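Please read the structure below before turning to the comments.
The values are calculated or read from the model by the stated rules, or taken from the named source; none is laboratory data. Model, not experiment: these values are computed from the prediction. Positions of Cβ are backbone-derived with ideal geometry, glycine not excepted, and every protein chain shown enters the neighbour counts. These accessible areas exclude ligands, DNA and RNA; they are computed on the full protein's heavy atoms, side chains included. Shrake-Rupley method; radii C 1.70, N 1.55, O 1.52, S 1.80 Å.
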Amino acid sequence: MQFRTMDFGMERCVLALRLPSSDMDPSMVIRNGSIELCELDVSRVLDTRTLSWKKRPKCRQNLGTFIPVAGEEVTLHEFSCAWGTLPTFEASCSSDSPECTLDVWGGIGKAWGK
């Protein structure tokens, strides 16, 4: 996940994960796992055409592990986000959740992860 911070004077940001309720879309229910969040060591816009698991930026700081809950919002991490910066994060299944599956995507309009 990569964001460009655009609001001058708002130097604190918070990551939050909100999943749809299970009755909204049954395929979006999280099962079998916890998610690990890492801040990546990158200061440029990622090129998604050439980005791969092997070429991904290194983890700068592990931000912790959480268990997502369908229909609820979980606050993940507060961080400094000066105007014009590119905060970049990696969400992955934690190593203690071998049966976890994770598919995160975003775009214009609604963006959900599963």
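Restricting the search to strands (runs of 3 or more DSSP E) fully inside region 32-114 and requiring at least 2 residues that are of a type in the set (A, V, I, L, M, F, W, C) and modelled with pLDDT of 80 or more gives 35-40, 59-66, 89-93.
A search for C-beta distances below 6 Å between a residue of region 37-65 that is open to solvent by less than 90 Å² (accessible area, probe 1.4 Å) and any residue that is part of a strand (DSSP E or B) and of a type in the set (S, T, N, Q), counting only pairs 6+ apart in sequence or on different chains, returns CYS38/ASN62; GLU39/GLN61; LEU40/THR88; VAL42/THR88; LEU46/GLN2.
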